[in-house]
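Below is one structure, written out as structure tokens; the observations come after it.
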Amino acid sequence: MTLIEIVLAVAILAMAFLPIIGAMGSAMKGGEKDKRIVTAMHMAQSKLNAALQFPFNDIPANKGGLGTYGGAAAWNYATNSGRISLTLGPESGLQSELVITDEPVSFTFQTYDPVQKSANPGNPAAWGWTPYGPPPLNNVFHKYILTVKWNEKTKPPTAPDAEYKLISFKARIVE
């Protein structure tokens, strides 16, 4: 084997490895993107779980009402005992925000006329059914939307351009 054959073989091998090296770079970028998404998902789940642990009206009652908490500004809250705490805002390149809204609850059910029932006990269709529904109830059902935002495309970071949202509901159930 001559020197020219060896140089030619090395050049062919180098050309064959260029696409493989390019694919590895793309895979690494994709892995970084996946890591940010998984980190955002984990952050959103843990923060929403913490928010749902507070008593029903604790955050709105002690922090100025229903609305938005966190976002671009840091926000911290804990119960008096310190057993449950929640921190929202910028953290590790991610930005978390919690929005709590009141969802009015309304329902209807059918009532019957007892006089018509006694007159036609075997015919429920003739009992004089009428729909009844109390006025909508407020402050018994809250919607929690936790959003985690991050910057995916630009360096240095500008406004966040990617986000992950979790939505949950919490009801105040009393006997």
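Here are the numbers for the structure shown:
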{"item": "At 1.567 mPa s and 4 °C, Stokes D of the chain from Kirkwood alpha-carbon radius, µm² per second", "result": "60"}
{"item": "GNM top mover of A16, A40, A61 - the chain, alpha-carbon springs below 10 Å", "result": "A16"}
{"item": "J(HN,Hα) series, region 7-19, from Karplus relation 6.51 cos²θ - 1.76 cosθ + 1.60, nearest Hz, glycine and proline x", "result": "4, 5, 5, 5, 5, 5, 5, 5, 5, 5, 7, 4, x"}
{"item": "Interchain or long-range residues, amide H under 5 Å from E91's placed H", "result": "S96"}
{"item": "Kirkwood-type radius of region 67-109, with distances r between different C-alpha atoms, in Å", "result": "12.4"}
{"item": "Gain upon complete extension [A23, S81; 0.36 nm per residue less C-alpha separation]", "result": "15.6 nm"}
{"item": "Histogram of C-alpha separations across region 29-110, 10 Å bin width, %", "result": "15, 42, 25, 12, 5, 1"}
{"item": "Calculated FRET value between V174 and A73, using beta carbons and R₀ = 30 Å, to 0.05", "result": "0.30"}
{"item": "Coil-residue trypsin sites (Lys or Arg not before Pro) of region 75-175, DSSP, other Cβ within 10 Å capped at 14", "result": "R83, K153, R172"}
{"item": "Projected label distance in nm at A162 and K35, using a 7 Å step from Cα toward the beta-carbon", "result": "1.2"}
{"item": "Label point distance in nm, L52-T2, each placed 7 Å from Cα along Cα→Cβ", "result": "7.6"}
{"item": "Under 13 Å from K149, Cα to Cα: aspartates and glutamates that are on another chain or at least 8 residues apart", "result": "E91, E97, D161, E163"}
{"item": "Residue list for region 95-117, given a label point 7 angstrom along the Cα-to-Cβ vector of A126 and an amide N cut-off under 11 Å", "result": "116-117"}
{"item": "Neighbourhood net charge (15 Å Cβ-Cβ; Lys/Arg +1, Asp/Glu -1) for A50", "result": "+1"}
{"item": "Hz values of 3J(HN,Hα) by residue in region 78-83 - Karplus curve (6.51, -1.76, 1.60), Gly and Pro given as x", "result": "8, 5, 4, 6, x, 5"}
{"item": "Segments 119-127, 51-59, 71-79 sorted - mean Cβ within 10 Å per residue, highest first", "result": "51-59, 71-79, 119-127"}
{"item": "Unit charges on C-beta of K, R, D, E only; dipole of the chain, Debye", "result": "160"}
{"item": "Net charge, L98 excluded, C-beta distance under 14 Å - Lys, Arg +1, Asp, Glu -1", "result": "+2"}
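Computed from the coordinates by the stated procedures, all read-outs in this text should not be read as laboratory data. Only a predicted model underlies this, so the values are computations on that prediction, with no experimental measurement involved. Here the Cβ is made from the backbone with ideal geometry for all residues, glycine too, and neighbour counts use every protein chain on show.
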